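Contents: one structure, followed by commentary.
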């Protein structure tokens, strides 16, 4: 490896290779009649999620036995809190879309060091898109620098659930409602590609939903924030986050953050009634697996 390689390049290369293999495994179940069921939080899970999760754990922990492990599909082991570096993974982000045959599902893998994401990949096999970054190494899409392309002068594209949309309208923001990609990680990263100008998530997303996207967005020079506490911290005992916003234009921040806080509140506050009344619309703002 060249002497100038970023310090987390080895981990990134491991994540990239493992994500490709995991994508091949998952693709073998895509658009097939497979077993699925509902977890306690009413989100779907399939046999593909479990098989990919087992592959990821075996591959990654064999390569890095000293690292901790946190996955959506593995029972939490508190020993991860004692590890300097932790793998945080979502075997299939967007399980509902995966089961419905939609192509916008992803494999999300990250390495977190002392609460900060330092390497991450978000791989969309059905779209042949590999997003990746490591701290200090820049963000890439399919091996090329991740460059934001957006038509100048167009109204901002922002997918938003009903209650947040209402708040943004009342705040006077002139924007167009963009597509609500089912994988939260993928949706956040479309702010980096220019397909969106902002992406939001309701309160309650978890480490595996956003850790990989967080380092990629940071390396792309874009703002991702928990609207209540700033840049998200990872590998804590409680892996849930407040409402989130990824922004390409910081002039959007006051209205977008205020709308999310108004609708979802912050952890010390009761949830707004709007969250309950709009819950039927919120399969998009959080990923569904």
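The values are calculated or read from the model by the stated rules, or taken from the named source; none is laboratory data. The shown structure was predicted, so the numbers you read here are calculated from the model rather than taken from an experiment. Here Cβ is always computed from backbone atoms with ideal geometry, including for glycine, and neighbour counts include all displayed protein chains.
Taken over the range 211-244, the criterion of being out of contact with any helix residue (DSSP H, G or I) (no Cβ under 9 Å at 6 or more places or on another chain), in a loop (DSSP other than H, G, I, E, B) and touching a residue at least 60 places away in the same chain (Cβ under 8 Å) is satisfied by 233 alone. Quick check on the range 141-163. Is at least one of its residues within 16 Å of the chain's Cα centre (by Cα) and assigned to a strand (DSSP E or B)? Yes, the range 141-163 has at least one match. Only helices (runs of 4 or more DSSP H) whose full extent lies in the range 9-112 are considered here, and the ones with at least 3 residues that are more than 21 Å from residue 213 (Cα to Cα) and touching a strand residue (DSSP E or B) at 6+ places or on another chain (Cβ under 9 Å) are 47-63. Of all the listed residues (159, 179), the sole one being in contact (Cβ under 8 Å) with a residue 40 or more places away in the chain and either buried (at least 19 other Cβ atoms within 10 Å of the Cβ) or assigned by TED's automatic domain parsing to the domain that holds residue 264 (or both) is 159. Just one residue in the set 237, 218 is over 15 Å from the mean Cα position of the chain (by Cα), modelled with pLDDT of 95 or more, under 20 Å from residue 70 (Cβ atoms) and outside the structural domain of residue 98 (by TED's automatic domain parsing); that residue is 237. Residue 126 meets the conditions (1) closer than 20 Å to residue 64 by Cα; (2) in a helix (DSSP H, G or I) in every case but one. The failed one is (1). Considering only the range 183-190, I want to know if a residue exists there that is outside any helix (DSSP H, G or I) and either closer than 19 Å to residue 230 by Cβ or touching a residue at least 24 places away in the same chain (Cβ under 8 Å) (or both). Yes, the range 183-190 contains at least one residue that is outside any helix (DSSP H, G or I) and either closer than 19 Å to residue 230 by Cβ or touching a residue at least 24 places away in the same chain (Cβ under 8 Å) (or both). Scanning the range 245-289 for residues that are at pLDDT 95 or above and part of a loop (DSSP other than H, G, I, E, B) yields nothing.
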